[in-house]
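Down below is the structure, laid out as structure tokens.
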Amino acid sequence: MLMLPDTVTAREVADTLRAARQAIDALDPGEAFVVDGGALLHFDSSALAVVLECRRLAQAAGRDCVVKGLPQRLRELARLYGITEVVGETAPA
């Protein structure tokens, strides 16, 4: 599981993705990768890029990716960019 930090802007992207890779590597076989945005307070469109990359990394590792807890403002930004289905909160498969 990756708990996104309270701030995700361009400055935090590299560290956040590094943590995502480590979290994916630590998963048990068959375990889904969960991205939790519940702690996000300060973010820009970089946070969407992080969620998209987390989904891509999980897929490349053969894992499902579950996104939860995204702030309403971030979901609205995803809708504005037309990527709601890609970064939207999902239920485990």
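Overview of results
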item	result
Carbon and sulfur %, accessible surface of the chain computed with the full protein complex present, 1.4 Å	53
Heavy-atom surface of the chain, accessible at 1.4 Å and reported per residue (Å²)	57
Exposure of Val87 as accessible area (Å², to 10), given a probe of 1.4 Å and all protein chains	0
Calculated Kirkwood radius over Cα pairs in Å (choose from [x] 16.7; [y] 13.0; [z] 13.7), label	[y]
Relative contact order (%) - criterion: Cα under 8 Å, at least six apart; region: the chain	31
Val86 versus Glu31: modelled label distance in nm, points set 7 Å from Cα along the beta carbon direction	2.8
222 nm mean residue ellipticity, helices alone, for the chain (DSSP H n ≥ 4; -39,500 (n - 2.57); rounded to 500)	-14000 deg cm²/dmol
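The values are calculated or read from the model by the stated rules, or taken from the named source; none is laboratory data. What you see is a predicted model, and the numbers here were worked out from it, not measured in a lab. For neighbour counting, all protein chains shown are included, and Cβ atoms are generated from backbone atoms with ideal geometry for every residue, glycine included. Side chains included, ligands, DNA and RNA excluded: accessible areas come from the protein's heavy atoms. Shrake-Rupley method; radii C 1.70, N 1.55, O 1.52, S 1.80 Å.
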